[in-house]
Each structure stands twice: as C-alpha cells, then as structure tokens.
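The values are calculated or read from the model by the stated rules, or taken from the named source; none is laboratory data. If you're wondering where the values come from, they're calculated on a predicted model, not measured in any experiment. Because the Cβ atoms are built from the backbone with ideal geometry, glycine has one as well, and the counts that use them run over all protein chains shown. Just the protein is used for accessible areas: all its heavy atoms, side chains included, with ligands, DNA and RNA removed. Shrake-Rupley method; radii C 1.70, N 1.55, O 1.52, S 1.80 Å.
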Amino acid sequence: MTDENIRNKIQIKFVKYLSRMKNSFLPLLFLRSVYMNFFLHLRVVQLHINTNCNYNCPYCYVDTKIKDVLDTKEWIKVINEAKQLRVTDIELLGGEPFLYKDFYYLLTYIAKQKMDITIYTNGSLINKRWLENLSYLPIKRLIIKYDYNNSTYKKHTRTKISLNKIKDVIKQCAEKNLTVMTLTTLTKYNVNNAKDIIESSLKLGAYPLFERFLPIKNVKINKELQVRKEDYNKAIRLIKKSYSNVQNIIHTKSYIQGNFCLCFSNLISILPDGSCLPCQFWPISLRLGNIKDSSLRNIWNVYKKKRKEWNKLPKECYSCKYKKICNGGCKTHSYLIFGNLNKKDPFCNGFPPLYGLCGFYMNPELFPKTLDNKAENENLTY
C-alpha cells in the first residue's frame, strides 16, 4: 500500500471518528486544522478534454470557440506528470467527454496508473456498450447532469433530450453498481425544488450533488439565472434537513460549510487549451500558466506560492465566530462579484456558515442512500 493510500484511509477513519462527536463545530475546527496541515498535496487534477458538446447549457464556463486544444498525446503526458506528483484522482470533463474520440483509451490509461476516475457528463451518450465498459473500470464517481423536471431541464440544457431518458441512464448505471451522482446547478428556476431533486435522485440510486450558479456569463444570462441570497440559504437549509443523520456526517457537513473545497488548496483544473486554474470557474485571465509551456510540477509550485494569498481571511470576517469553519466562503464567487478576494462570500448571511462551497454533496463512502424525514428536525442543530 502506498503512502498516499495510507494517508487517505487515515483521513476517512478520522472523519468517521469525529462524526460521532455531539458538538458539530468543535470537531470541524479540529478536522480543518489537521486537513490544512497534512492533506494539502496535489490530490485532484481536472482534465477538460474537449470543447464540443451536444448540450448548450447557458451557464457553461467552457469556451467552445477554442481551437488550439490539447491532443491525446498531450493529455497522456499530463496524466504521467500527475502520477509523478502522487495525484490520486483524475476528473474528466468537457464539453461532453463521451464525444472525445479517444475517451475510452484515456480511461483505460488512467486505470493502469491506478488512479481514481471521476467523469462529469450529461449522460445522454451512455449506451449499453459504454455501461459494460464503465463497469470494468475503476470509476470513483459518474456525475450526471440532472434537474427538477423536464421543463427546467430543457431551460438549463437547451436540448431536445428529455430528462426521462437521463433518468433511465442513471438507473441503469446504478444497477451496474457504478457510483452515480446527479449534478444540479441551483438557479432561480429550481432553487425551491431541492428536496424533490434529492428524493428523485435517491430513488434512481444516485447521490445528489448541488452547485451554485456562478455569474460567469453575460449580464442577460446572469440576471435570468441568478439566485437571491435568501433563496440560496433557504435551499441549503432544506438540503441539510432532507438527509437523515446529517448532523453526524462531519465530512458531508463540512462540504456545505466550505471546509474541504479542493479549489485553491489541492486541485488543478486544466482547460482544453492547457490553461491551468485553481478552480474551473476562475477567470482564465488569472491562470497559473499553460501546460503546453510548462510542466505540471512547475505549475503546482506556482500554485503553492499563491495558496496562502488565495485563502487569506477577508477583514470583514475577522470578528465572525464561524471564520475558521468557512474561511470566508467561496473564493471564486467573491472574486466574480467584487473583483478581489478581500470580501466575504456574497451569499453570507452571518449565521450559520452554510454557504462556504460552490457545491454540496454526500460522500458515498460515508453516507447511505436513505432519507429519514422523522429525524430531520432533531439532527438540525447549530
């Protein structure tokens, strides 16, 4: 067993141990301290392997006009460099990764390096053949775009493909024992339907994953989709209440509060043209470098130098009693709204810190796919 695997096992056991503690904030503070000191190696590399997609989501951050994209040989080179840096997880995104001509080759190559694989997809291209292929590969997570109903789904994807088809795909993947997660971007069209999304996801055999809409597009789209702060916080509270024993799942709860957002700490996101970012939503003008011109190791060294600056606590958070839990919240959202990192999360309401991360999900390793509505109120303690 490698040092990396041992470290990951210790982390999971440690999280489970802390989850038994009754006081939620004390173990979170302790866990954050340990995490910041022992788990800040480069852990995840995101590869945006293509720009083409059969969907046209209005909030997509990928520039489809990019022409000078990395080819398969260059992606293999990145994977090899990631392996040398002891990266444990490779995440594959697009565009739509299932449209990439050498996608299966990349999957098998990563598997041979004994690295975990996460795939972000709209799911529409997963057929019986792909189901068989995926079932034989070490897929850690298959993350499939999802929404409240067919009407909202079409608004968010601008495609003729129905949500019912995607539901069938999710169900088939779950039946193949793949760890499936549904990905829903919270906009004003679905922010009040989080509980329904959770329940329908679980019925399909999938774990729900939510992310906030970030204003990265033009003014018209941003205005159309933007969620109000009060609606977002209400939705996150509802999400918490919808899970049984959520108070006892420290790892999951910390994701809500921003403790373990890998962006700006141990994740590098590489866009189709080779641009390297600390978060896939981060402005490309502030990229760390380009993988075509530099090695992944050199880019990681630049990243480490900037990490302290990125994670500096905003001055307006100094007096907040939750400051060591959320550390100011979502860094990218703050930058997109205020133009700097010296402001607290735009969704902060001061109490309690439910806004920290741009996404929230259950960790399949620590959380069963069950809902217990009877326990929802007694488990919600601040």
Treating only Lys and Arg (+1) and Asp and Glu (-1) as charged, each at its beta carbon, one finds that segment 288-347 has a dipole about its Cα centre, in Debye to the nearest 20, of 280 debye
Figure the gain on full extension for residue 63 and residue 221 (residue separation times 0.36 nm, minus the Cα-Cα span) and round it to one decimal in nm.
55.3 nm
In whole percent, and with a 1.4 Å probe on the protein chains, what portion of the accessible area of segment 124-227 is carbon and sulfur?
47 percent
Place the peptides 324-331, 170-177, 186-193 in order of packing, highest mean first, counting for every residue the other Cβ atoms within 10 Å and averaging per peptide.
324-331, 186-193, 170-177
Once both label points are put 7 Å beyond Cα along the C-beta direction, the residue 286-residue 319 separation in nm becomes 2.7 nm
